[in-house]
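K.L.:
If you scroll down you'll find the structure; I have some questions about it.
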């Protein structure tokens, strides 16, 4: 840039050489198509309404603008909270449409029609260009009036937002109403912001060259949006570059003084007046053109009903997907496992009982290849230069071919006959037991040879040596003795529980009442009242009932849920939280959603320390009877008689126990 200061006519001659300056490189037919047409048509009405609300809030009546702009930057004020709410409502639908700050009309047409030309591109009543311009105008006002709070000390994010504004001013904001004077002032203020972050040893001519000049086909020209370069614009650009380059020559000797000189020559307040005048005039022109077309609702309705032509890229993408699916299907069918037919033959010969069910055999025979048409089966290999392996290659048997000798089922290793039946006569033994009264009515086994009418339980287990086992004298547990029946107490308890279960009464259907703007503002104000105190939603509800009564239909639980949603809106919109809103606790699902969106959020840990004495520390405690000290009790011991010593010893022990209990308490 030092050459520019030494040769004033260089830039002018190069600029006049390029009479028609094209658009920037990023906009010359390199539309990436990041916008989704369906989402754009669906979200555009809400985005347009949110942009109108933000514009009306930032551009009030001329008599109230100074107070409004000053109070916006006052943290905790009413207008500051309302401004954050408007910005959050504007950013959420905008981020769902596009990831950039500004939306260009040519990107919208590309998303709707692709590379094909739309019908009646100039006079079409459905074109949303004016609505897009008005949305971008709201973003410009937000950058100028909200983001740049202190022009003398800007942050890196502010510089990036201002760079986006300068880059998209001609194509996304001004359009046909491009004003070179406003654009040059924007470039100058961007240069001052870049110089604030530049070190004193850096070269200040590098950012000057990057902001004001560009290279087109090897020639250096002015960085201006498309159009014809007039003599007035050429003179304005050349004079501004000459002035800035001359002042920046003293940067290395006195960087702070050079920056102050430039800020005094191009003050921020004067630039802001010119920019606000342009925004006011531009908004009036856009509103007039939108009203002539029938209003934003009519334009968006016609846009939704228009027949959109799919782009060639989308068709080719669908064809590629179809080809990939067909190829995957072919590979899956060709790589199906093939079983050796000899194994099937061995299985059928070894186990003749394994047969196919009649219902399936007919289906399998229908699709089975006849033997005459069945060729040699080969294994399928997807490796390079595969080697086929036929299944009918003879191979030596891996096991000796010996005949199987089955076991004869008629063979019985038992040589004794009749050992299972006991032929002894037990009648005399039964009579003797009955005589001595050893038989019990509750005995588990009946007496052999008798038919008793006593209601005794029958046994399902037979004694191994007798046909009917005798009753036991001692109730001993043997492995073959019958087990006691399983208790049905638990089953009866479950039945009684079902009978005694009280069916809950049907509640009426709850109707959700949406929150109004007044209720949301009241909620934001209530939580921001005393940020240093502990947050209690019941206390907020009680305070609102005693004062404004804006949340009279809301319960504390409703207030808690809405507070979480409002905090999520602030965080997703990347807007600074109002005072006291860090006390609103988010759940793990909400925190995971913030992390998925790339927002670094750490939930402060909530520690609940319970001290049972802390509640009663303020109130005076009732007087407690004084307990004797251990030394006093021990010093009271004196030589006594045997009987008196025992009594005194017992009293002393009781006093010791009471003293120990009091000390532990």
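K.L.:
Could you please find all residues in region 153-185 being in contact (Cβ under 8 Å) with a residue 24 or more places away in the chain and part of a loop (DSSP other than H, G, I, E, B)? Explain how you work it out, then say what you get.
P.N.:
Going through region 153-185, the residues in contact (Cβ under 8 Å) with a residue 24 or more places away in the chain turn out to be 153-154, 156, 158-159, 161-175, 177-185.
Within region 153-185, 153, 154, 178, 179 meet the criteria.
K.L.:
Is it the case, given these coordinates, that residue 76 is within 19 Å of residue 572 (Cβ to Cβ) and outside any helix (DSSP H, G or I)? Explain how you work it out, then say what you get.
P.N.:
Details: within 19 Å of residue 572 (Cβ to Cβ): no; outside any helix (DSSP H, G or I): yes.
No: the conditions fail for residue 76.
K.L.:
While we're here: Within region 268-277, is even one residue in contact with a strand residue (DSSP E or B) (Cβ under 9 Å, 6 or more places away or on another chain), surrounded by fewer than 16 Cβ atoms within 10 Å (Cβ to Cβ), within 30 Å of residue 52 (Cα to Cα) and in contact (Cβ under 8 Å) with a residue 24 or more places away in the chain?
P.N.:
As a first pass, look at region 268-277 and keep what is in contact with a strand residue (DSSP E or B) (Cβ under 9 Å, 6 or more places away or on another chain): none.
Scanning region 268-277 turns up no residue that is in contact with a strand residue (DSSP E or B) (Cβ under 9 Å, 6 or more places away or on another chain), surrounded by fewer than 16 Cβ atoms within 10 Å (Cβ to Cβ), within 30 Å of residue 52 (Cα to Cα) and in contact (Cβ under 8 Å) with a residue 24 or more places away in the chain.
K.L.:
Among the listed residues 509, 549, 533, identify the single one that is surrounded by fewer than 14 Cβ atoms within 10 Å (Cβ to Cβ), without any contact (Cβ under 8 Å) to a residue 12 or more places away in the chain and on the phi > 0 side of the Ramachandran plot. Can you show your working first?
P.N.:
Values: 509 fails: on the phi > 0 side of the Ramachandran plot; 533 fails: on the phi > 0 side of the Ramachandran plot.
Of the residues listed, the single one that is surrounded by fewer than 14 Cβ atoms within 10 Å (Cβ to Cβ), without any contact (Cβ under 8 Å) to a residue 12 or more places away in the chain and on the phi > 0 side of the Ramachandran plot is 549.
K.L.:
On to the next question. In contact with a strand residue (DSSP E or B) (Cβ under 8 Å, 6 or more places away or on another chain) and either touching a residue at least 40 places away in the same chain (Cβ under 8 Å) or assigned to a helix (DSSP H, G or I) (or both): is that true of residue 214 in this structure?
P.N.:
Working: in contact with a strand residue (DSSP E or B) (Cβ under 8 Å, 6 or more places away or on another chain): yes; either touching a residue at least 40 places away in the same chain (Cβ under 8 Å) or assigned to a helix (DSSP H, G or I) (or both): yes.
Spelling it out, residue 214 is indeed in contact with a strand residue (DSSP E or B) (Cβ under 8 Å, 6 or more places away or on another chain) and either touching a residue at least 40 places away in the same chain (Cβ under 8 Å) or assigned to a helix (DSSP H, G or I) (or both).
K.L.:
Scan region 217-249 for residues that are free of Cβ contacts under 8 Å to residues at least 60 places away in the same chain, under 19 Å from residue 180 (Cα atoms) and in a loop (DSSP other than H, G, I, E, B) and report the count.
P.N.:
1
K.L.:
Still on this structure: Please work out if residue 232 is more than 24 Å from residue 146 (Cβ to Cβ), exposed (fewer than 14 other Cβ atoms within 10 Å of the Cβ) and within 44 Å of the chain's Cα centre (by Cα). Talk me through it step by step, then tell me what you get.
P.N.:
Working: more than 24 Å from residue 146 (Cβ to Cβ): yes; exposed (fewer than 14 other Cβ atoms within 10 Å of the Cβ): yes; within 44 Å of the chain's Cα centre (by Cα): no.
It is false that residue 232 is more than 24 Å from residue 146 (Cβ to Cβ), exposed (fewer than 14 other Cβ atoms within 10 Å of the Cβ) and within 44 Å of the chain's Cα centre (by Cα).
K.L.:
Let me ask you something else. Of the numbered conditions (1) outside any loop (DSSP other than H, G, I, E, B); (2) more than 26 Å from residue 146 (Cα to Cα); (3) touching a helix residue (DSSP H, G or I) at 6+ places or on another chain (Cβ under 7 Å), residue 200 fails exactly one; give the number of that condition.
P.N.:
Unmet condition: (1).
K.L.:
If I ask for residues that are farther than 22 Å from residue 244 by Cα and either in a helix (DSSP H, G or I) or in contact with a helix residue (DSSP H, G or I) (Cβ under 8 Å, 6 or more places away or on another chain) (or both), which ones from region 142-152 would you list?
P.N.:
Pass one, region 142-152, residues farther than 22 Å from residue 244 by Cα: 142-150.
Of everything in region 142-152, those that are farther than 22 Å from residue 244 by Cα and either in a helix (DSSP H, G or I) or in contact with a helix residue (DSSP H, G or I) (Cβ under 8 Å, 6 or more places away or on another chain) (or both) turn out to be 142, 143, 144, 145, 146, 147, 148.
K.L.:
Based on what the data block shows, is residue 156 under 28 Å from residue 197 (Cα atoms) and modelled with pLDDT of 85 or more?
P.N.:
On the way: under 28 Å from residue 197 (Cα atoms): yes; modelled with pLDDT of 85 or more: yes.
In short, yes.
The values are calculated or read from the model by the stated rules, or taken from the named source; none is laboratory data. Worth saying up front: this structure is predicted, and the values here are computed from it rather than measured. Glycine gets a Cβ as well: all are built from the backbone with ideal geometry, and neighbour counts include every protein chain shown.
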